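*Asks:* Attaching a single structure in structure tokens format; questions to follow.
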Amino acid sequence: MYFIKFSGLILILIGLNGCDGIFRSDSDEVKIRIENGSDYDMKYLSVSFPDGEIVFGDIKSGEMSIYKDIERAYRYAYVETEIQGKKAVLQPIDYVGESYLSPGLYTYILNVEESDVTGSEGSIFMNLTLRED
């Protein structure tokens, strides 16, 4: 009887240890999500890196996407989306002097200027803040 209880406890501990990957990332990749910190819904949002692109789709004001894997990323990236029918862009000049992010979980928080959205001319420009999660 004692052996059965002990065996059951061992199986439970092994099972819980196997669930650990659900709660944290042990991969060698960078995982990035987007937080829409603006007052506007963002449509067709995509983020481009030197080694690839991630399509996040639509993200409503105040909401976050799920994490997506990218092999390498910087603290900022090229971001393109649509806000109220207007193209919104975050255009890095270059990545000279920048280092790749270490593997882990990160959130790009996007914001826009109110005047850019309500004005009738040109594109909307965004700003990005990086948060390590």
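*Asks:* Can you find a residue that is of a type outside the set (S, T, N, Q), at pLDDT 95 or above and not in a loop (DSSP other than H, G, I, E, B) anywhere in segment 7-16?
*Replies:* So in segment 7-16, the residues of a type outside the set (S, T, N, Q) come out as 8-16.
Adding the requirement that they be at pLDDT 95 or above leaves none.
Within segment 7-16, none of the residues are of a type outside the set (S, T, N, Q), at pLDDT 95 or above and not in a loop (DSSP other than H, G, I, E, B).
Per-residue answers, yes or no, for (1) surrounded by 17 or more Cβ atoms within 10 Å (Cβ to Cβ); (2) modelled with pLDDT of 95 or more:
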site	(1), (2)
33	yes, yes
44	no, yes
49	yes, no
70	yes, no
75	no, no
83	yes, no
95	no, no
108	yes, yes
113	no, no
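*Asks:* Does residue 75 meet the test of being within 14 Å of the chain's Cα centre (by Cα), among the charged types (D, E, K, R) and in a strand (DSSP E or B)?
*Replies:* no
*Asks:* With the structure loaded, tell me whether residue 99 is at pLDDT 90 or above and in a loop (DSSP other than H, G, I, E, B) or whether it fails that test.
*Replies:* The answer is yes for residue 99.
*Asks:* Being among the acidic types (Asp, Glu), more than 11 Å from the chain's Cα centre (by Cα) and either part of a loop (DSSP other than H, G, I, E, B) or within 19 Å of residue 131 (Cα to Cα) (or both) narrows it down to one residue among 94, 69; which is it?
*Replies:* Details: 69 fails: more than 11 Å from the chain's Cα centre (by Cα).
None of the other options fit; the residue is 94.
*Asks:* Another question, if that's okay. Can you pull out every residue in segment 103-116 that is part of a loop (DSSP other than H, G, I, E, B) and in contact (Cβ under 8 Å) with a residue 24 or more places away in the chain?
*Replies:* The one that is part of a loop (DSSP other than H, G, I, E, B) and in contact (Cβ under 8 Å) with a residue 24 or more places away in the chain: 103.
The values are calculated or read from the model by the stated rules, or taken from the named source; none is laboratory data. Since this is a predicted model, take the numbers as computed values, not measurements. We place every Cβ from the backbone using ideal geometry, glycine too, and count neighbours over all the protein chains shown.
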